[in-house]
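Quick one: this structure, given as structure tokens, is what I'll be asking you about.
The values are calculated or read from the model by the stated rules, or taken from the named source; none is laboratory data. Note that the structure is predicted; figures quoted are calculated from it, not measured. Virtual Cβ from ideal backbone geometry, glycine too; neighbours counted across all protein chains shown.
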Amino acid sequence: MTERGRRRRRLVANLAFAILFIAACAAWFVALRPAPLGGPATYVIVRGVSMEPTYHAGDLVIVRRRPDYRVGDIVAYTIPADEVGGGLSVIHRIVGGSRDTGFETKGDNNAASDPWRPTLGQIEGTAWLVLPKTGAILSSLRAPITLASFAAAAAVAMVIYRQGGQEEPEHRRRAEQRTAERHSDGRVPARSSTTSGSG
């Protein structure tokens, strides 16, 4: 393949990658953008065993808001701040109630219903997509020891990079010096000769 053909191939590959990247970003913006950023999605990490066998601890569930919910929907809601566990997110199934009186929810693995009755405004959304064990990975990435490890690795990499950048001119100077010495050793000095004669 000629150089022109290789350039054309690289250009097509880069263009295809750019199109796929833009499409992925657009899909994320429309369907998966988190609610704090004005999007329709909320990300909930499953904790405990109350939703087994449907969900397991460490699963990441993406929920999306709907105008209304009905019995059988798995929804996420936030426990009211003035109650025990206030501020925590719960993801359980609706088993009764209504938007007017509050919904009755229960974990699939629980014998009794939840003590809370989330209203329509307190529900963050209904389950839309589950990513098994992804929540556990995200939680570990946010752990202090993990963040400290990443920070240490980044610091070491930066030090190595800076040292490499400082040593490069020295290596180059030594290489140039050796090259000059080799040229000097191979050079034959010019000799001048004079011829004298008598006439």
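For the stretch 12-34, state whether one or more residues are in a loop (DSSP other than H, G, I, E, B), free of Cβ contacts under 8 Å to residues at least 12 places away in the same chain and over 17 Å from the mean Cα position of the chain (by Cα). Give the derivation first.
Step one: list which residues in the stretch 12-34 are in a loop (DSSP other than H, G, I, E, B), which gives 33.
Restricting the remaining residues to those that are free of Cβ contacts under 8 Å to residues at least 12 places away in the same chain gives 33.
Narrowing the set further to residues that are over 17 Å from the mean Cα position of the chain (by Cα) leaves none.
There is no residue in the stretch 12-34 that is in a loop (DSSP other than H, G, I, E, B), free of Cβ contacts under 8 Å to residues at least 12 places away in the same chain and over 17 Å from the mean Cα position of the chain (by Cα).
Which members of the stretch 85-112 meet the condition of being among the hydroxyl-bearing types (Ser, Thr, Tyr), free of Cβ contacts under 8 Å to residues at least 40 places away in the same chain and either crowded, with 17+ Cβ neighbours inside 10 Å or not assigned by TED's automatic domain parsing to the domain that holds residue 45 (or both)?
Residue satisfying the conditions is 105 alone.
While we're on this one: Which condition number in (1) out of contact with any Pro (no Cβ under 7 Å at 6 or more places or on another chain); (2) closer than 17 Å to residue 131 by Cα is the one that residue 41 fails?
That leaves (1) as the condition not met.
Has the stretch 31-41 got at least one residue that is touching a strand residue (DSSP E or B) at 6+ places or on another chain (Cβ under 7 Å) and at pLDDT 90 or above?
Within the stretch 31-41 (the criterion being touching a strand residue (DSSP E or B) at 6+ places or on another chain (Cβ under 7 Å) and at pLDDT 90 or above), the answer is no, since none of the residues qualifies.
For the subset of the stretch 123-144 comprising residues that are more than 23 Å from residue 31 (Cβ to Cβ) and of a type outside the set (A, V, I, L, M, F, W, C), which member is modelled with the lowest pLDDT?
So the residue we want is 144.
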